[in-house]
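Reading through the structure tokens given below for one structure.
Readers should treat all values here as calculations from the given coordinates under stated rules, not as data from a laboratory. Computed from a prediction, not measured in an experiment: that's the story for all the values here. Because the Cβ atoms are built from the backbone with ideal geometry, glycine has one as well, and the counts that use them run over all protein chains shown.
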Amino acid sequence: MSNNFNFMKRILFSITLLSSFCFSQKTDSLNLQPTLNADSATVLKTKVKTSTIEDVVITGTIKPFSRSKSPVAVEVYSQKFFQKNPTPSIFEAIAMVNGVKPQLNCSVCNTGDIHINGLEGPYTMILIDGMPIVSSLSTVYGLSGIPNSLVDRIEVVKGPASSIYGSEAMGGVINIITKNALTAPKLSVDLMTSTWSENNLDISTKFNIGKSAASLLSLNYFSFKEKIDQNNDNFTDAALQSRISIFNKWNFRRKENRQASIALRYLYEDRFGGEMQWNKSYRGSSDVYGESIYTNRAEVFGLYQWPLKEYIVTQFSYNYHDQNSFYGSNPYDALQKVTFVQTYWSKKVGNHDLTGGITFKRTFYDDNTPGTLSSDGITNAPMKSPIWGAFVQDQWEINEKNTLLLGYRFDYDKIHHEVHSPRLAWKYSPNPYHTLRFNFGTGFRVVNLFTEDHAALTGSREVLIKSDLKPERSVNGNLNYIWKIPVGTRMLQFDASAFYTYFSNKIVGDFDTDPDKIIYDNLHGYGISRGASLNVDFSFSFPLSVGLGVTYLDVYQKFDGDDKKSQQLHAPKWSGTYNLSYKFPNDFSIDFTGQFYGPMRLPVLPNDYRPEYSPFYSLANIQVSKSFKSGFEVYCGIKNLFNFTPKDPLMRPFDPFDKYVDDPVNNPNHYTFDTAYGYAPMQSIRGFLGVKYTLK
């Protein structure tokens, strides 16, 4: 560890020296990229000429559409935006988006999910090229297996999107758009390492097949094998991982620019977190505690536009996810197979942009928990749930200032029968400087408890399901306002949102009633998620761009007959993001990025010595990079610059199997081993160094 710390100090000294050199140079260049968060617009006035690239987005309305004209607020983030803080996977990178929080749910194996506007991970729909690839079982470990090297851009919709993407998109949608093989670089290599011995390698190459097809082949390998225990609790501070992802995408050139593509991806991951003396001979034993997870995953997805005058597109996807794992001595083996097919038609009729389609989704799920047993409690009964759906949508451009979107979706499955999901969106833009958007929709979600709530598997608490869990239902509303202020030849942008979600039948885990149990039941009352967010972006006349985001949340449940509000766990009242980028002459750049989080309620036990609320903290990063005309780029920096780590993330780490939990002398409060308290990564300050090469 001393060698790693000395290496980190050398990196810090190099950054300081490099920054001093760069600031001493003259800044003649004003060639700035437009703000990445800016809504598309072209503004022409007598003395002000400001233009930004006209983004084309698909997430808000399912088909390619001008972002500035879309009645749905879509945030677009390019790969360059995430490269300001290089990470090995989407899960870590998405923290740079205001209002989107990657939440660690276990301090041992570091599993997590993605929260949007305070709503838990299962309410967030993750799409890859518009396909619902990531769901249920893969929301736990599949997110960390999506490398940044695949990403062309990420589109984020905060709020209801059920009428297009299915009723489970209750909190929002994150659509990961992968690179197009027709336009991708011929060769791209990115190698990064850190002082914690985290090693990440991305290699991709593109080749043409005649004049009608191109293929992109990408390989990602991530390795972290060094056991580190800086807080001396005899548990690894970060989960060890060995992961490989292979991605192959084909794009085809067709007449009249019709679309056609197919992609395949394979992921294997070996992940471990636990006691420092653990090795694979202890896997599944009760002698040394370890959480060991093997993940095998395969995906295929694509789309095909029919060779007709009408605009008809068929999209399809299939994923296979196999998990073999032990949480201490508790085995969890699960298999999930999901098939999805969707065909939709779109046509412009006057001022109306009409879209209609049909969908089919079939999920096969089996595991070794009571969740897949028949009513007799003995016979294995894997879940097989085909769902048929149909949707219609009308985007009506009433006039230059007003656009109205009306949508409706109907789903049917044999258990819950009919599900209705209406949708309404409205955009009012009196001029290019002001845009107001309103979205309304409903949600419906069937909970797969053991796949979505890691707390049901880890630690030593007994899981108790009080009754047959009914599907969750929600009503969502979102108001978004964008204000652009010309400042010379630049544009200062304010992007503000207010959101409100009402839940009935919300399924919650009760950690408080009994310290030895997690009790799951439908909420006898209602749940509320409400708040507001603000993003401010500005690029100065000199090469400095600044972005700041702030989000306020009030997420709680109220029980029948009780006037008190129960605040949701791991939902900070205040959070935000910040990024500053300065581009020097000679292609030097420096990026300072980070997130901050206010106090959040944590799962504590009765008479717990740990505080119920986390402190205010910030995770900051700094990077210096240098690009060369030959195609090389060198970058280095520091992560967790303020060196923040949570205190006491584990309860009784010296007794993970609760062998001495009933000791009245040494444990009078009957504390049990608990892994759910952690709220932030345990990785302390560390340096990183990387090199890229791109052949266009």
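Miscellaneous remarks
- Distance (nanometres) between label positions extended 7 Å along Cα→Cβ at LYS280 and ARG254: 4.5 nm
- Taking the centroid of alpha carbons for each part, the range 623-637 and the range 258-294 are 33 Å apart.
- Neighbourhood charge, 12 Å Cβ-Cβ cut-off, centred on SER497 and excluding it, Lys, Arg +1 and Asp, Glu -1: +1
- Restricting the calculation to Cα atoms, the range 256-374 shows an Rg/Rh of 1.23 when the hydrodynamic-style radius is the Kirkwood one.
- In angstrom, the C-alpha Rg and Dmax of the range 652-696 are 21.1, 69.
- Residues of the range 659-688 with amide N under 13 Å of a point placed 7 Å along Cα→Cβ from ARG652: 659-675
- Label-point gap, in nm, between GLU400 and ILE246 - each point 7 angstrom along Cα→Cβ: 5.6 nm
- Rg over Rh, two decimals, the range 237-323 (C-alpha only, Kirkwood Rh): 1.29
- Integer Hz, Karplus 6.51/-1.76/1.60 couplings in order for the range 583-599, x for Gly and Pro: 10, 8, x, 6, 6, 8, 9, 10, 10, 10, 10, x, 9, 10, 9, x, x
- Once divided by 2.2 N^0.38 Å, the Cα radius of gyration of the range 576-696 becomes 1.59.
- Residues of the range 397-437 with amide N under 15 Å of the 7 Å Cα→Cβ point at TYR311: 397
- Local net charge near PRO307, Cβ-Cβ under 12 Å (Lys/Arg +1, Asp/Glu -1): +2
- Once both labels are positioned 7 Å from their Cα atoms along Cα-to-Cβ, the gap between GLU418 and VAL487 label points is 5.4 nm.
- Once backbone amide H atoms are built at 1.01 Å from N, THR359 has GLY389, ALA390 as its partners under 5 Å, excluding neighbours fewer than 5 places away on the same chain.
- For the range 512-611, convex hull volume per residue from C-alpha positions, Å³: 151 Å³
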